[in-house]
1. Filtering region 108-136 down to residues that are surrounded by fewer than 22 Cβ atoms within 10 Å (Cβ to Cβ) and among the β-branched types (Val, Ile, Thr), which residue is farthest from residue 177 (Cα to Cα)?
2. Within region 162-175, restricting attention to residues that are surrounded by fewer than 20 Cβ atoms within 10 Å (Cβ to Cβ) and modelled with pLDDT of 95 or more, which residue is farthest from residue 116 (Cα to Cα)?
3. Only one of (1) over 17 Å from residue 339 (Cβ atoms); (2) part of a loop (DSSP other than H, G, I, E, B) fails for residue 146. Which number is that?
4. I'm trying to understand the selection: among the residues of region 353-409, which are part of a loop (DSSP other than H, G, I, E, B) and more than 24 Å from residue 124 (Cβ to Cβ)?
5. What's the number of the condition residue 178 fails, among (1) surrounded by fewer than 24 Cβ atoms within 10 Å (Cβ to Cβ); (2) within 21 Å of the chain's Cα centre (by Cα); (3) of a type in the set (Val, Ile, Thr)?
6. Collect the residues in region 29-71 that are under 21 Å from residue 176 (Cβ atoms) and either among the hydroxyl-bearing types (Ser, Thr, Tyr) or surrounded by fewer than 20 Cβ atoms within 10 Å (Cβ to Cβ) (or both), keeping them in residue-number order.
7. Filter region 330-362 for residues that are more than 22 Å from residue 308 (Cβ to Cβ), of a type in the set (A, V, I, L, M) and either within 10 Å of the chain's Cα centre (by Cα) or modelled with pLDDT of 95 or more (or both) and give the result.
Amino acid sequence: MIDKSTLRYPSWRAPLDWLFFLCVIVLTADVLVPEIFGNGKTKDYPLWYWAGQQVLHGLNLYPSDPNAQFEFIYPPLPAVLLAIPAWFGKIPLYICLSLINAVAWWTAAGFSNGMTGAGRAPGPWLFALPSFVTITFIFDMYDLGQPNLVLLALMLYGFWLLARARPWFAGSMFALATAIKVFPVAVLPYLIWRRQWKAVASTLVFLVLLLFVLPAPFRGFEHNVKELKTWYHGMVGTSSEKGFGQRDEQNWSWVNQSIIAVTHRLTRPVNYNQDDPRKPARTMNVVDVSFRTANLIVVVLSLAIGLGYIAVMPPASRRTERSDAEELGILFCLMTVASPLARQYYFMWLFFPMTVLIHRAAYDPRPKVRAGTWALLALAGILLLLALPPFPTDLQAWGNNLAATAVLAAGLVWHILNPPPALSPPAGALQPDADSASS
């Protein structure tokens, strides 16, 4: 069962909870101070206000030509949601987004610590450790205004609901995350493989409702459908050697650490400094193949990784709460790097895999395994630190975050294949529907 003691409200009596409040205040100040006392908050915040105002005034979110540059690269639903606080002005919108990030941070920590299958509640310092080691990612969520921490909380909540045999509600969480930012749709192959048919059906049904039905009263049904088509053709339906998804300058550059981007940088002479025209062109390919061949290599690698994941997933008869946590940790790693564009802040999703491994390092009954897991976490941490400003982007172009993700996934694979001698009974978590065959 999921440890419910981690799913609690912050307490004024707990010193580390006070530290959480202090961090939230400081991070929120990073958002509000430039807007109130400076020249205005930058990054994505003005874009969110613009999108909300476009909805409020019935204006277009995208240009009529899908080949033109999009300012807003998300589906229409997020703009509709942003319109509600944007109606009150910029500062209320920014406060609302900061508060949502705070709630997402706390709930993601609670779900992560409660879903490790460790069989015991973590102490306050262990509970807080994943937040300490991912604080740079959390800072990015506030500073940039990106929703990846919120998406993480939604996905974790979905799996928490799935473990409590509430697949229809779980599917609505997966659908909401996907309707905000598309890459969480990668959860569907996992649900299909684990024969979670009700969750699959719920995800698809709620996706239709969120993308087509919910925005219709605000945008008009025909207008919304037209904008969805424009968004799809501009963001999903285009791909070439130049790039994809309306952000050509980011696709092959060092800022993108997805499997797709790193593979293309290693196999084609693409300029990984293209995000900044002031920098000289630099390449890092070890071979020189065509765009089509590079894409074929990506497909082969992805298939190999997917088949390897399936191979280590235990059958239903051998699943435990512990193996389910490790299995989901690998899934979160794969969903992060499978996104075509995986910038630094996308790796916020490593919060859950790290939490699972931290619990293994703290509570595994085998001393050598505990020491080895701490060492593995240290290696992943060193790789992630290479993204900090003191280190050259030439080094990051080789995919330090991708390598860290691979290290974490490898550790989780080892734990799945080498459980401790005393196993807990099979968990009810994430079991197939009663009316379906076991996987």
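The values are calculated or read from the model by the stated rules, or taken from the named source; none is laboratory data. A quick note: this is a predicted structure, and the numbers were derived from the prediction, not measured. Note that we place each Cβ from the backbone using ideal geometry, even for glycine, and neighbour counts take in every protein chain shown.
1. Among them, the one singled out is 133.
2. Among those residues, the one meeting the criterion is 168.
3. (1)
4. Matches in region 353-409: 366, 386, 387, 388, 389, 390, 391, 392, 397, 398, 399.
5. (1)
6. Once the filter is applied, which keeps residues that are under 21 Å from residue 176 (Cβ atoms) and either among the hydroxyl-bearing types (Ser, Thr, Tyr) or surrounded by fewer than 20 Cβ atoms within 10 Å (Cβ to Cβ) (or both), region 29-71 yields 44, 47.
7. Selection gives 348, 358, 361, 362.
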